[in-house]
Amino acid sequence: MRLTALLSMAAKAAFPRDYRYGTNRPWTIAAQRLNPPGKTRRKVFVEPIANEDWHVLKGDTVEILSGKDKGKQGKVAQVFRRRSWVILEGLNTHYRYIGRSGDYRGTYIASEAPLLLKDVTLVDPTDRKPTDIEWRYTEEGERVRVSVRTGRIIPKPVFQRRDGIIPQQWKDGTKDTSPEDTLQKTYTTSLKTLEEEVMEKMNIWEDKSPRNSYWY
Amino acid sequence: MSAAVTSRLTAAVCRQFQRVVTVSSYAQPQSATQAFSKLHLCQRSQTYDSWWFRSSVNNRALHTSCVRRGLEEFFDLPENWGEQTVKSGAPWTAKQLRVKSNEDLHKLWYVLLKEKNMLLTLEQEAKRQRLPMPSPERLKKVERSMKRLDTVVTEREDALRLLQTGQERGRPGEWRRNVFGKTFWYRFKEHPIPWYLNSRYKRRRFFEPSHVAPYTRLSLEKYLRSKIRKEKREKRSQERLATIFPKKTALA
C-alpha cells in the first residue's frame, strides 16, 4: 500500500506553494523555462471571487474596458480563475516569433495577452452594449446571469467539448452500450451481497466452511 | 521462460543427486530449452516440475499443441488495426451503474477488464514500435468506469453491513498508541494463530514507554501551536487582500 501511495505521489505533478501560474500549462517546456524549479517571483495578489460568483464563461462575448483594445468586443477563448484572467480571441495581442531554429527566425504570429476580470464586462446580446451582471434566480428556480441595466437574462454560451464531439450527433460504435440499455433498471434490492447473488446465478455451491482465523 | 528456468533448476538438482541416485538417459532439460529457443508458437514439450516424475524408461519428449482460444481478445477489432484514432463513447457514470443489478455489474467488470487488457497490450506494443498509441483516452475511460463500479459495489456492501450488523467498517480495527506516543487507527490482520502464540506480534509494542510520555504533551502543544499559526496566517492574508481589494459598497 505504501508503494502505490509513493507512486501516486510521484506521478502527481507537485509545485511549490508560491509558484506563479502563467498562461502555459505548468507541465509544458515553455512553463518550465519561465518558472524553473529554483525560481521565486514576487507574489501576485488576486481578488478573491467565490466560485459561484464568477460570471464570465468560456465562449461569452465581452467588451474590454481598459488597455490597448479599449472598447472592442471579443469572444472568450480561455479563462484562468486562479489569476482572474480572461483571454479573448485576437484581441490585446502582441507579436512574437515562434518555432525559430538555427538561422530561421520563425513565424511571426500575434499572441493574445490575458486581461484581468475587472477590465472586461459582459455584453448584453440584445443591444450589444456592455453591462454589469448579477446572479439571480428565475421563477423556476434556475440561477441565471441578469444584466443590471436592461434586466434581460444572458444565456450561457454553448459548451464545446475539447474532443469536438457533439452529444446530439453521436453514433454508437460496436463496443458502446445504447442509451436504452444503459438506463434500463435491473437492480432489485435484496439482502444478498454481490458474491452470494452471483454464486446463486452461476450455480456455484460452497459447502466448505472457512478456517478459524484470528483478527488482531 | 518459466519452464526453461525450472528445467535449469532440475538440471542443477540432478547434478546434486547424481551421486545418490542414477538418473539414466536424461535429455529432457536440454530439449526443453531448445524447444523454447526455436519459438514455435503452438508447439511445446510437456515439462514436469520435479525430476522424480520422469521415469528412466518413458522419457521421450511429448509435444502438445497450445490452446488457441481467446487470444484474439487481447487485440482490437480487425477494422481498427492501423487506425490513428479510434472512436469511443463516454465512460460509465456512478449514477448509471447504480441502477444495474449485481449480476450485470459482475459481467460488466469482466468486459471492462478484458478491454483494459487489450488497451494495455496496445499501449505496450506502441511503445515497443515507438509509435503513438491510437486514442489513449480509452484507457482512462475504462479505468474510471472500473473505479466507479467498485465504488457502487462498496456502497451496496456498506449499506448491507450497516443494516445487518451496524459495523461501519468492513475491516476490523481499533485506536492504538505506538511506541512514539502517536495514536493511530490500527487495522487488524487475519492470522491463523491467536495473538498469545504469535511471537512476532508479541514483540510489537502498542504502548508508549515511560520515557516517551513527556514528548506526547510536547508534540500536542506543537500541533496546537501550528494550528493556531495557520489560522492566524489565513486571517492575516484575508485582511491584506481586503486592504488591496476593498469591497465596493455603491455600484459605480
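When the residues of the stretch A:190-205 are filtered to those that are within 13 Å of residue B:153 (Cα to Cα) and assigned to a loop (DSSP other than H, G, I, E, B), the one that is nearest to the other protein chains (Cβ to nearest Cβ) is A:193. Tell me, yes or no, whether the stretch B:219-227 has at least one residue that is away from chain A (no Cβ under 11 Å), at pLDDT 95 or above and over 39 Å from the mean Cα position of the chain (by Cα). Yes, the conditions are met somewhere in the stretch B:219-227.
Among the residues that make up the stretch B:131-143, is at least one of them among the small types (Gly, Ala, Ser) and in contact with an Asp or Glu (Cβ under 6 Å, 6 or more places away or on another chain)? Spell out the reasoning first.
First, the residues of the stretch B:131-143 that are among the small types (Gly, Ala, Ser): B:135.
In the following step, the residues that additionally are in contact with an Asp or Glu (Cβ under 6 Å, 6 or more places away or on another chain) were identified as none.
So far as the stretch B:131-143 goes, no, none of its residues is among the small types (Gly, Ala, Ser) and in contact with an Asp or Glu (Cβ under 6 Å, 6 or more places away or on another chain).
The set of residues in the stretch B:214-240 that are within 21 Å of residue A:45 (Cα to Cα) and among the polar types (S, T, N, Q) comprises B:237, B:238. Among the residues of this structure, residue B:146 does not count as one that is under 25 Å from the mean Cα position of the chain (by Cα), not hydroxyl-bearing (Ser, Thr, Tyr) and not in a helix (DSSP H, G or I).
Out of everything in the stretch A:2-45 that is hydrophobic (A, V, I, L, M, F, W, C) and not in a helix (DSSP H, G or I), what residue ends up being nearest to residue B:245 (Cα to Cα)?
Going residue by residue through the stretch A:2-45, those that are hydrophobic (A, V, I, L, M, F, W, C) are A:3, A:5-7, A:9-11, A:13-15, A:27, A:29-31, A:34, A:44-45.
Checking which are not in a helix (DSSP H, G or I) leaves us with A:13-15, A:27, A:44-45.
Values: A:13: 31, A:14: 29, A:15: 27, A:27: 31, A:44: 13, A:45: 9 Å.
Among those that are hydrophobic (A, V, I, L, M, F, W, C) and not in a helix (DSSP H, G or I), it is A:45.
Going by the conditions given, is residue B:22 in a loop (DSSP other than H, G, I, E, B) and either within 14 Å of chain A (Cβ to nearest Cβ) or at pLDDT below 65 (or both)? Yes: the conditions hold for residue B:22. Evaluation of residue B:99 against the conditions (1) more than 11 Å from every other protein chain (Cβ to nearest Cβ); (2) surrounded by 13 or more Cβ atoms within 10 Å (Cβ to Cβ) shows that the sole unmet condition is (1). Would you mind stating whether residue B:186 is in a helix (DSSP H, G or I), assigned by the TED database to the domain that holds residue B:220 and aromatic (Phe, Trp, Tyr)? It is false that residue B:186 is in a helix (DSSP H, G or I), assigned by the TED database to the domain that holds residue B:220 and aromatic (Phe, Trp, Tyr). Within the option set B:207, B:180, B:188, being of a type in the set (Phe, Trp, Tyr) and more than 30 Å from residue A:212 (Cα to Cα) holds for one residue only, B:180.
Just one residue in the set A:181, A:176, A:127 is out of contact with any Gly (no Cβ under 6 Å at 6 or more places or on another chain), charged (D, E, K, R) and not assigned by the TED database to the domain that holds residue A:75; that residue is A:181.
Candidates in the stretch B:202-252 are the residues that are in a helix (DSSP H, G or I) and among the hydroxyl-bearing types (Ser, Thr, Tyr); of these, the one that is farthest from residue B:186 (Cα to Cα) is B:243. Looking only at the stretch A:83-139, residues that are closer than 28 Å to residue A:150 by Cα, in contact with a strand residue (DSSP E or B) (Cβ under 7 Å, 6 or more places away or on another chain) and hydroxyl-bearing (Ser, Thr, Tyr) come to 5 in all. In the stretch B:170-181, the qualifying residues are those that are in a loop (DSSP other than H, G, I, E, B) and surrounded by 12 or more Cβ atoms within 10 Å (Cβ to Cβ), and the one that is farthest from the other protein chains (Cβ to nearest Cβ) is B:181.
In the stretch A:162-186, the qualifying residues are those that are facing chain B (nearest Cβ under 7 Å), of a type in the set (S, T, N, Q) and surrounded by 11 or more Cβ atoms within 10 Å (Cβ to Cβ), and the one that is nearest to the chain's Cα centre (by Cα) is A:182.
Summed over the stretch A:83-124, residues that are away from chain B (no Cβ under 14 Å), in contact with a Lys or Arg (Cβ under 8 Å, 6 or more places away or on another chain) and surrounded by 13 or more Cβ atoms within 10 Å (Cβ to Cβ) total 7. Considering the stretch A:27-47, the residues that are surrounded by 15 or more Cβ atoms within 10 Å (Cβ to Cβ) and within 22 Å of the chain's Cα centre (by Cα) include one that is nearest to residue A:134 (Cα to Cα), namely A:46.
The residue that is nearest to the chain's Cα centre (by Cα), counting only those in the stretch B:82-91 that are more than 8 Å from chain A (Cβ to nearest Cβ) and within 18 Å of residue A:167 (Cα to Cα), is B:91.
Among the residues here, residue B:73 qualifies as under 23 Å from the mean Cα position of the chain (by Cα) and exposed (fewer than 13 other Cβ atoms within 10 Å of the Cβ). Checking B:123, B:143 one by one, the residue that is farther than 23 Å from residue B:96 by Cα, in contact (Cβ under 8 Å) with a residue 12 or more places away in the chain, assigned by the TED database to the domain that holds residue B:99 and surrounded by 13 or more Cβ atoms within 10 Å (Cβ to Cβ) is B:123 and no other. The condition of being exposed (fewer than 11 other Cβ atoms within 10 Å of the Cβ) and under 30 Å from residue A:147 (Cα atoms) holds for only one of A:50, A:14, that being A:50.
Residue B:190 falls short on exactly one of the conditions (1) within 12 Å of chain A (Cβ to nearest Cβ); (2) touching a Lys or Arg at 6+ places or on another chain (Cβ under 6 Å), and that condition is (2).
The values are calculated or read from the model by the stated rules, or taken from the named source; none is laboratory data. Please read all numbers here as calculations on a predicted model, not as lab measurements. Positions of Cβ are backbone-derived with ideal geometry, glycine not excepted, and every protein chain shown enters the neighbour counts.
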